[in-house]
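> So that we are looking at the same thing, I have put the structure below in structure tokens.
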Amino acid sequence: MRLIQFESTSGQRQVGVVEGDAIRTVRGVASTRELALAAIRAGRSLQSEVESRGSNAGPAYAELQQGGRILPPLDHEDSAHCLISGTGLTHLGSASTRDKMHQQKGQDEAALTDTMRMFRWGLEGGKPGAGKVGAQPEWFYKGDGSIVVRPGAELPVPVFAEDGGEEPELVGLYVIGDDGKPYRLGYALGNEFSDHVLERRSYLYLAHSKLRACAYGPELRVGELPAHLAGTSRIHRGGEVIWEKEFLSGEENMCHSLENLEFHHFKYQQFLRPGDVHVHYFGTATLSYADGIQAQPGDTFEIEMKEFGAPLRNGLVAAAEPLEPGGVTAL
């Protein structure tokens, strides 16, 4: 089952089930968060909750896309209660990277860079088995729900940014139940969108480079994931595709299990506040920046994977500077 959130022509929020080119509107619910909390309280799956409510014929999918009326597939009405985060160094990457790791296995730990050392920890201990604690991944904070742009909307590039590049990733979507436990609704495609020029200057700038807008959706895929997933990431400029590349995901292509990544996020008590929403990016091994491409305002990113239905498309736009140097006022 694949779900979307959308706005009616009158601006009313609704939840829809994707059925080919058509959308069926789920009865009696205005958001996937509300739907998920109802399922948790009833002790049933998200799909069972949808089926128990029933649905009505809804709008054409293309009509929603063309009208810019599709919302992120999970959000919170109070953006401060939606946490956007992610993990890095989680995917196996290119064969050359893996070969390099194998060649360095015999080296002294101190001879490795911090990046390669953490990657090796993931290779050696990122899949400990069900119910066991594995190696901690790299973790980062992106922001709250206010940084999320809807599918089809433009990603703003801050005036101070050195780059604004795509990161095609799988995203886990979660709600914290009344019992303080995390519940995964499912997965979506995501564009984690970061400043790779800044990050490349020093890994200590990683935290700064991640404080950018992001997008995910348009669809929420309910249920388990295939172990091997292959999608395509593209950049459109002036009506042409200027860059295109396959990206791989799923646990066969990762050095961490999804269970391990989830544990190392939700082990923190402050992330278990009932009713909160968590959007967690699982990482990637494919970037246009690595191929010498620098995106610019007017470009469009497209991330596609058949298991997730419609592609995620977002343009790029220059943003106004929110604060001038010296703009802090003393009280």
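The values are calculated or read from the model by the stated rules, or taken from the named source; none is laboratory data. What you see is a predicted model, and the numbers here were worked out from it, not measured in a lab. Cβ: placed from backbone, ideal geometry, glycine included. Neighbour counts: every protein chain shown. Remember, those area values only see protein heavy atoms, side chains included, never the ligands or the DNA or RNA. Shrake-Rupley method; radii C 1.70, N 1.55, O 1.52, S 1.80 Å.
> State whether segment 109-160 is rounded, prolate or oblate according to the following rule on the C-alpha gyration tensor (a ≥ b ≥ c being the square roots of its eigenvalues): a/c under 1.5 gives rounded; otherwise a/b larger than b/c gives prolate, and the remaining case gives oblate.
Verdict is oblate for segment 109-160.
> Could I ask something else about it? What is the distance, in nm, between label points placed 7 Å from the Cα along the Cα-to-Cβ direction at Met1 and at Ser45?
Each label point lies 7 Å from its Cα, and together they span 0.9 nm.
> Straight-line reach from Lys132: which aspartates and glutamates have a Cα under 15 Å away, not including same-chain ones fewer than 8 places off?
Glu124, Glu259, Glu262
> Right, here's the next one. What accessible area, in Å² to the nearest ten, does a 1.4 Å probe give for Thr90?
Surface accessible to solvent at Thr90 totals approximately 0 Å².
> Please work out whether segment 241-331 counts as rounded, prolate or oblate from its C-alpha gyration tensor, where a ≥ b ≥ c are the square roots of the eigenvalues and a/c under 1.5 means rounded, while otherwise a/b larger than b/c means prolate and anything else oblate?
Judged from the Cα gyration tensor, segment 241-331 comes out oblate (a/c at least 1.5, b/c at or above a/b).
> Still on this model: What longest range of the chain stays clear of loop-exposed chymotrypsin sites (Phe, Trp or Tyr not before Pro) (DSSP non-H/G/I/E/B, at most 13 other C-beta within 10 angstrom)?
Longest gap between qualifying sites, sites excluded: 1-159.
> Right, next: Quick one: what are the phi-derived ³J(HN,Hα) couplings along segment 18-23, Karplus 6.51/-1.76/1.60 with θ = phi - 60°, whole Hz, x for glycine and proline?
7, 10, x, 8, 10, 10
> Nearest 10 degrees is fine. How inclined is helix 114-125 to the longest principal axis of the chain, computing both from alpha carbons?
70 degrees
> Tell me, what is the FRET efficiency for Leu211 and Thr329 to the nearest 0.05, using R0 = 22 angstrom and their Cβ-Cβ distance as r?
With a Förster radius of 22 Å, E is 0.50.
> Still on this structure, please answer the following. Only bridges whose two residues both fall in the chain count here: according to DSSP, what percent of them are antiparallel, nearest 5?
Taking every DSSP beta bridge within the chain, about 85 percent pair in antiparallel fashion.
> Within segment 293-323, name every residue whose backbone N is under 18 Å away from a label modeled 7 Å from Cα of Arg237 along the Cβ vector.
Flagged as within label range: 293-303, 314-319.
> To the nearest 10 degrees, how steep is helix 95-104 against the longest Cα principal axis of the chain, on a 0 to 90 scale?
40 degrees
> Continuing with this model, one more query. Report the rotationally averaged projected area of segment 76-318 based on its alpha-carbon convex hull, in square nanometres.
Result: a mean projected hull area of 13.4 nm².
> Let me ask another. Between Gln12 and Ala62, what FRET efficiency follows from the Cβ-Cβ distance if R0 is 22 Å, with the result rounded to 0.05?
E(calc), rounded to 0.05, equals 0.65.
> List the pair-distance distribution P(r) of segment 1-71, using every Cα-Cα distance, as the percent of pairs falling in each 5 Å bin from 0 up to the bin containing the longest distance, rounded to whole percents.
P(r) over segment 1-71, rounded to whole percents: 3, 18, 31, 24, 14, 7, 2, 0.
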